[in-house]
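One structure is given below, encoded as structure tokens.
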Ligand SMILES: *Cc1c(COP(=O)(O)O)cnc(C)c1O
């Protein structure tokens, strides 16, 4: 294992008020950095003060979007400890995204070690107010100063940390979803299953349209037939139809969410009928007509579970159930959070204490 160098900050930042934390605007004192070059491989791992990255305007990531990232959280437990939720899955996914984007693989064990070391230094930044957490953003960017198109030879890997507020400060409320059959997030054979920058740039225009129509998120259909549901915003999507919990099967254009997998395992452990399969938007509307569509919700690290109250597709808006939070969504939200915050026994072995 490589040694991780440490450069101390001249002064430390004041910590924000925990009761008014938003998302993604405040960063801690330190970050982890590491570089890649073909001759040295990944080298120079270091924890140093959070600060700007100097780069030439020709730097490849700025032109061709060769960038990948991850998102996970550190949680403050009731006993004052700090724990991570399934961090190895995020690091493994980072390498899968990197493979798709022609980037060199990281040593997953070393990256987990580096993250834990960074968290030990920054442990006082993990907020303790209900629903708050420390969001962790590992990222890899292409750094060659070159504007010809090829994959970069050099890369920077970094991890930055941001204390974030409760996702539902005003309570656990359903969102309104707008289905687009004009724009797609990802295509067959494309990079939809990678957490890569361009996917999010590609989603912005339809998101803006949804917002203008008064909807919170876009529901994406498949890029081939514009028929099957894929994801909602940057979350995975679930439907409760009758007594079956359904989520679209992974097909290359859907991001394989850690929360998605946790939901599947948890629902299965309750004895629910769980299916990963294709689900057409027409099937969703048909189930609604028959009175069998019970719940719809998104899953992701940021929101955990995001219940959907209304869906609009092709000019028709439907209300899911009574427009409120259904029992499956509510139970998943509570039980997942209880494990993440160490309030319930972790019978799946998902949590990793770090301090
Ligand atoms: C990150 C992400 C998700 C959710 O993944 P989690 O691991 O559960 O946070 C779902 N869809 C997209 C497009 C994403 O980027």
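Yes/no per residue for (1) in contact with a strand residue (DSSP E or B) (Cβ under 9 Å, 6 or more places away or on another chain); (2) at pLDDT 95 or above; (3) farther than 21 Å from residue 303 by Cβ:
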residue	(1), (2), (3)
216	yes, no, no
230	yes, yes, no
235	yes, yes, no
246	yes, yes, no
257	yes, yes, no
260	yes, yes, no
271	no, yes, yes
275	yes, yes, yes
281	yes, yes, yes
(message) For segment 338-347, which positions are touching a residue at least 40 places away in the same chain (Cβ under 8 Å) and under 20 Å from the mean Cα position of the chain (by Cα)?
(response) 339, 340, 341
(message) On the basis of being surrounded by 18 or more Cβ atoms within 10 Å (Cβ to Cβ), over 16 Å from the mean Cα position of the chain (by Cα) and away from the ligand (no atom under 12 Å from the Cβ), does residue 215 make the cut?
(response) yes
(message) Looking at segment 183-191, can you tell me whether even one residue there is touching a residue at least 24 places away in the same chain (Cβ under 8 Å), within 18 Å of residue 300 (Cα to Cα), within 16 Å of the ligand (Cβ to nearest atom) and assigned to a strand (DSSP E or B)?
(response) no
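Could you look through segment 143-182, keep only residues that are assigned to a loop (DSSP other than H, G, I, E, B) and under 25 Å from residue 123 (Cβ atoms), and pick out the one that is nearest to the ligand (Cβ to nearest atom)?
The qualifying residue nearest to the ligand (Cβ to nearest atom) is 167.
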(request) Could you tell me whether residue 221 is under 20 Å from the mean Cα position of the chain (by Cα), assigned by TED's automatic domain parsing to the domain that holds residue 285 and under 21 Å from residue 316 (Cβ atoms)? (result) yes
(message) Quick test of your reading of the structure: residue 345 fulfils all but one of (1) surrounded by fewer than 19 Cβ atoms within 10 Å (Cβ to Cβ); (2) away from the ligand (no atom under 16 Å from the Cβ); (3) in the same structural domain as residue 264 (by TED's automatic domain parsing). Name the failing condition by number.
(response) (3)
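The values are calculated or read from the model by the stated rules, or taken from the named source; none is laboratory data. Predicted model, so just to flag it, every value in this text is computed and none were measured. Note: ideal-geometry Cβ built from the backbone for every residue, glycine included; neighbour counts use all protein chains shown.
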